[in-house]
Amino acid sequence: MENLKIETKCIQSGYVPGNGEPRQIPIIQSTTFKYDTSEDMGKLFDLEASGYFYTRLQNPTNDYVAAKLAALEGGTAGMLTSSGQAANFYSIFNIASCGDHVVAASTIYGGTFNLFSVTMKRMGIDFTFVSPYCTDEELEAAFRPNTKAVFGETIANPALVVLDIERFAKAAHAHGVPLIIDNTFATPFLCRPFEFGADIVTHSTTKYLDGHGSGVGGCIIDSGKFDWTKYPDRFPGLCTPDESYHGVTYTERFGLAGAFITKATAQLMRDFGSIQSPQNAYLLNLGIESLHVRMERHCYNGQKVAEYLEKNPNVAWVKYSGLPSDRDYALAQKYLPLGSCGVVSFGVKGGRKAAERFMKNLKLASIETHVADAKTCCLHPASATHRQMNDTELEAAGVSPDLVRLSVGIENVDDLIADLAQALEKAGE
Ligand SMILES: *Cc1c(COP(=O)(O)O)cnc(C)c1O
């Protein structure tokens, strides 16, 4: 059937059992796969036949789930990775090498910021960070002749800034490079970045896609729309023979629909081996089966909590793009019409100390580095995920010292608000 709605895809896409086969995705808990002849196996190594030979590169359980995620995002191909960090690393390193440059939104997740600005810089890849609110001129000025991609998050973690995906896609395409969007907080249920011009989507599946805090994972999905062959000199890895893989030219052999993901599998998974375990892929799929139901409740609860916090006298400010008073409200109406997810950032009046007192007094919301989970949790980023940043970098990332990131779960919202109310009352003491 064509044009299935997203709720149906959450349940049905990716794995279609044959006659008498397991209804649920089987966990293929095997490192390796058996062949009758060396010739058969040789064809796999040459990428002449598709099939499995070693789980460091590919595993059927993972591929069922990756195919479901590709269907949800409206992409042509996908791969699972061991973490969101691995997904974002691969998404850039698949097309950028030593001496290259990437433009990224300054509000991206602290772990990604560190990966880009410290670790990938050591690999010789330079990043220019631009505010998502930058002018067109400032965005234009960030590009260099060696720029290979633009990177941003649909809803930034934890700044909760909504990216104007269409504007960033236009700028990227004007310079002949793809826009890569980390869609972790929105999930394909709330936003599908390909519909707004993005070319590659990544996820930390650890968050809403898993939804139950059970497995760390990531994924990369390709829209198949970016035409690498128009810029063969800029993307030689995709457009010229790969000597490390028997001279295969990925765009020729696999077309635009498959080149990016096949290269990432054949080269990066082979060499770095950041594969998701089939067990975790199975758990991830269980999460995705209820994604649409959970996200509706996360959005409903998040909106109610944000509205409550905005009126509480012990709260200095609230950042939630579903609030009409929010700077990103208009962008959220366009990119997130079904809701702004369950993550709400706010400042406790009285600054850092008051924020700490507030957190200590919470009874239902637990203090965790985790976010986007069925269970309500919260975090003080300046003393945890973002502690490697100095004050200027914190400000650029949209993280103030008093910022509390509250990840609103799917409990009863009245209970959650009662918990916040009593903890906020004690925060000022
Ligand atoms: C958590 C997160 C990551 C990193 O994902 P891991 O699965 O923890 O490696 C990347 N991007 C965003 C937006 C995140 O929230």
* Structure fact -> Among (1) out of contact with any Pro (no Cβ under 7 Å at 6 or more places or on another chain); (2) among the aromatic types (Phe, Trp, Tyr); (3) more than 16 Å from the ligand (Cβ to nearest atom), Phe185 falls short only on (3)
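Each row is one residue, and each column tells you yes or no for (1) more than 15 Å from the ligand (Cβ to nearest atom); (2) touching a residue at least 40 places away in the same chain (Cβ under 8 Å); (3) surrounded by fewer than 24 Cβ atoms within 10 Å (Cβ to Cβ).
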{"residue": "Pro158", "(1), (2), (3)": "no, yes, no"}
{"residue": "Arg167", "(1), (2), (3)": "yes, no, yes"}
{"residue": "Leu179", "(1), (2), (3)": "yes, no, no"}
{"residue": "Cys191", "(1), (2), (3)": "no, yes, no"}
{"residue": "Thr205", "(1), (2), (3)": "no, yes, no"}
{"residue": "Asp227", "(1), (2), (3)": "yes, no, yes"}
{"residue": "Lys230", "(1), (2), (3)": "yes, yes, yes"}
* Structure fact -> Across region 89-118, the tally of residues that are out of contact with any strand residue (DSSP E or B) (no Cβ under 8 Å at 6 or more places or on another chain) and free of Cβ contacts under 8 Å to residues at least 24 places away in the same chain stands at 1
* Structure fact -> All conditions in (1) in a helix (DSSP H, G or I); (2) closer than 29 Å to Lys230 by Cα; (3) among the hydrophobic types (A, V, I, L, M, F, W, C) are true of Ile180 except (1)
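Quick grid of which residues meet (1) free of Cβ contacts under 8 Å to residues at least 12 places away in the same chain; (2) farther than 17 Å from Ile220 by Cβ; (3) of a type in the set (Ser, Thr, Tyr):
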site: Pro236; (1), (2), (3): yes, yes, no
site: Tyr250; (1), (2), (3): no, no, yes
site: Leu256; (1), (2), (3): no, no, no
site: Phe260; (1), (2), (3): no, no, no
site: Gln267; (1), (2), (3): no, no, no
site: Pro278; (1), (2), (3): no, yes, no
site: Leu283; (1), (2), (3): no, yes, no
* Asked: Could you say which residue among Ala77, Ala86, Ala67 is within 16 Å of the ligand (Cβ to nearest atom) and among the small types (Gly, Ala, Ser)?
  -> Ala86
* Under the condition of being within 14 Å of the ligand (Cβ to nearest atom) and hydroxyl-bearing (Ser, Thr, Tyr), which residue from region 207-225 is surrounded by the most Cβ atoms within 10 Å (Cβ to Cβ)? -> Tyr208
* Asked: What helices (runs of 4 or more DSSP H) completely inside region 54-169 contain at least 1 residues that are among the aliphatic types (A, V, I, L, M)?
  -> 60-73, 84-93, 136-141
* Structure fact -> The lone condition Tyr335 fails out of (1) at positive phi; (2) in contact (Cβ under 8 Å) with a residue 60 or more places away in the chain is (1)
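Throughout, read-outs are computed from the coordinates displayed, never taken from laboratory work. What you see is a predicted model, and the numbers here were worked out from it, not measured in a lab. Every residue, glycine as well, gets a Cβ built from its backbone with ideal geometry; the counts of neighbours run over all protein chains shown.
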